[in-house]
Amino acid sequence: MQNVISLLWGKYKKIPIQAKLTIWTFFGMCMQKAIAIITVPIFTRIMSTEQYGQFSVYMSWMNIFYIITSFRLYAGVYNKGFSKYRNDRAGFTLSMQYTTTIITIIVFAIYLIFHKQINAMTELPTFVMVLMFAELLVTPSVPFWTVSQRYEFKYKSVLLATLILAISNPCIGIIAVLSTDNKGIARITSEAAVQVVFGLVFYLINLFKGKFKFKVEYALYAVKFNIPLIPHYFSEYILNQSDRIMIQKLVGLSEAGIYAVAYSAGMLLTIVSSSINQALVPWLYQQLDEKKYEGIQKIIVSLGFMILVPISMFMALSPEIVSVLAGPEYHEAVRVIAPITSSIVFMFLFILFANIELYYDNNKFTMYISMIGAILNIVLNYIFINLLGFWAAGFTTFFCYGVYCIGHYAFMEHIFFKNEGRHLIKSKWIIFITSILTGVMILFYNLNDYAIIRFTLLGASFVAAFVMRDKIISVYSNVLKKKK
């Protein structure tokens with residue numbers, strides 16, 4: 001055993017620093033997700049559906065305001081800036097932090113003027129809104145610091161900070177919730193307090209590293225770059241998380257809490273799709289550089305079908321997953337997991353299509369399709385939540401991600417044909433994947449009360465995965481090999 005460990009350690013030490021960064025970043029992301037999911041059963045058992053809904057709605061509003069106050073300066077423009085101003089990265093980081101601080105103070109001043117109207121809209125008291133703005137003021141410092149550390153390949157410090165934050169938040173939250181009867185507010189307060197403490201620490205670190213200097217040039221560059229992307233970021237958020245706000249407004253806090261549990265469970269497998277995407281993009285760009293187009297369709301279609309296997313398994317276990325994550329009062333969440341989980345396939349595909357668009361420097365369509373998807377999501381939610389109940393939001397999410405995916409596919413093919421004079425992926429494969437996915441989703445949605453059939457199909461999925469193991473390993477190994 002000791003020899004095996006020594007052998008593995010020797011191989012690990014030979015891995016390039018870039019690969020180690022990727023490995024530990026992925027590990028940190030998995031641990032974050034795992035801790036969040038592990039603690040859900042605790043919170044759902046010590047909080048009522050209404051109290052859990054209050055916290056989930058707070059987080060939804062928090063994320064909306066975060067787009068405004070942070071201006072998403074920690075996203076794509078931050079990486080661009082690190083390349084453009086590579087000789088003054090600490091100064092660029094601090095200038096971004098100052099910019100988000102200024103925007104947050106301005107938005108907070110607007111809130112103070114219109115606090116009654118905003119409180120009525122969010123259904124959150126002034127105390128909670130002030131907590132939210134305290135969180136908004138300092139939390140952008142964390143992604144600024146994290147990205148800057150990754151550029152310096154300091155993955156150990158990033159992993160440590162990620163794990164401490166991921167563990168501290170739920171642990172302090174559990175203590176706070178158990179200490180009072182006002183459990184929804186207690187969970188909100190504990191979450192905000194942890195984020196403020198961590199944000200303040202990294203805020204000060206960025207201040208000292210940047211030597212307290214603010215460069216207007218950096219701020220203007222970043223704001224101008226991100227202005228056209230803000231509609232996209234808002235639309236993306238609306239498509240991802242606005243459901244629970246609409247459920248709160250149209251049905252109630254209790255139903256918003258049930259939906260939040262289902263959404264958290266349904267999106268768990270994004271860990272799998274994200275890891276595959278991260279591995280696939282470098283290979284994809286390499287194939288495009290070398291004009292080796294024939295293999296791209298085969299790999300993307302194969303991976304699309306392969307992702308269906310774990311998703312089918314997950315859907316087969318929907319009732320059992322809900323019973324583990326939450327108590328009997330959350331049982332209705334079962335109705336939402338199948339469509340939410342199925343949306344992951346569309347997410348996986350449209351990210352790949354969008355990356356091909358970016359390869360050809362065409363990202364304008366991203367904003368348009370995002371806005372179409374968001375508007376469609378709001379309209380369909382309003383109609384069908386009123387008609388059928390909160391669970392309809394899962395199906396509107398599935399449908400809108402399908403529109404999002406097909407829209408990106410059509411535009412990607414248009415851009416590819418314009419540049420290369422040929423098509424990349426035949427439409428019949430997209431139609432086939434969509435049809436199979438929809439069929440599987442409807443099947444498992446209707447089998448929630450039929451455990452024997454579900455477990456039989458689950459066993460068949462395991463057998464299929466085992467029979468196809470060589471094919472699966474071959475496809476993924478091929479990607480990783482070409483990536484090198």
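Things worth noting here:
- Residue-wise HN-Hα coupling along region 290-304, computed from phi with Karplus coefficients 6.51, -1.76, 1.60 (Hz; x: Gly, Pro): 8, 6, 9, 7, 4, x, 5, 4, 4, 5, 5, 5, 4, 5, x
- Entry comment: accessible area of region 200-255 is 51 Å² per residue, from protein heavy atoms only and a probe of 1.4 Å.
- The trypsin sites (Lys or Arg not before Pro) of region 75-171 meeting both criteria, a DSSP state outside H, G, I, E and B (loop) and at most 15 other C-beta atoms within 10 angstrom of the site's C-beta, are Lys154.
- A crude spin-label estimate for the pair Phe225 and Arg45, with each label 7 Å from Cα along the Cβ direction, gives 4.7 nm.
- Euclidean distance of C-alpha centroids, region 147-199 and region 287-362, integer Å: 28
- Thr126/Ser179 FRET efficiency (R0 25 Å; Cβ-Cβ; nearest 0.05): 0.65
- The share of accessible area on region 98-225 that comes from carbon and sulfur is 75 percent, using a 1.4 angstrom probe.
- Taking the charge dipole of the chain about its Cα centre, with +1 at Lys and Arg Cβ atoms and -1 at Asp and Glu Cβ atoms, the residue from Phe314, Tyr155, Ile185 reaching farthest to the positive side is Tyr155.
- Cα gyration tensor, the chain - rounded (a/c under 1.5), prolate or oblate: rounded
- Average silhouette area of region 157-306, convex hull of alpha-carbon atoms, in square nanometres: 14.6
- Largest first, the residues Ile452, Ile23, Ile188 sort by 1.4 Å accessible area into Ile452, Ile23, Ile188.
- Computed from phi, the 3J(HN,Hα) profile of region 246-257 under the Karplus parametrisation 6.51, -1.76, 1.60 (θ = phi - 60°) reads 5, 5, 4, 6, 8, 10, x, 5, 4, 5, 5, x Hz, with x in place of Gly and Pro.
- Taking a ≥ b ≥ c as the square roots of the eigenvalues of the Cα gyration tensor, an a/c ratio of 1.5 or more together with a/b larger than b/c marks region 243-341 as prolate.
- Cut-off of 10 Å, at most 16 other beta carbons, DSSP loop: longest stretch of the chain lacking such chymotrypsin sites (Phe, Trp or Tyr not before Pro): 1-113
- Tensor-based shape of region 102-195 (alpha-carbon gyration tensor, a/c under 1.5 rounded, otherwise prolate or oblate): oblate
- Rounded Å value of the spacing that divides the Cα centres of region 99-143 and region 32-78: 16
- Nearest-10 value in Å² for the accessible area of His414, using the 1.4 Å probe: 110
- Under 17 Å from the Glu217 label point (7 Å along Cα→beta-carbon), backbone N, region 83-127: 83-96
- As a fraction of the 1.4 Å probe accessible area of region 356-472, surface on carbon and sulfur atoms comes out at 72 percent.
- ³J(HN,Hα) computed for each position of region 374-389 - Karplus, 6.51 cos²θ - 1.76 cosθ + 1.60, integer Hz, glycine/proline x: 5, 4, 4, 4, 5, 5, 5, 4, 4, 5, 7, 5, 5, 7, 10, x
The values are calculated or read from the model by the stated rules, or taken from the named source; none is laboratory data. Please read all numbers here as calculations on a predicted model, not as lab measurements. No Cβ is skipped: glycine too gets one built from the backbone with ideal geometry, and neighbour counts run over all protein chains shown. Surface accessibility is based on the protein's heavy atoms, side chains included, excluding ligands, DNA and RNA. Shrake-Rupley method; radii C 1.70, N 1.55, O 1.52, S 1.80 Å.
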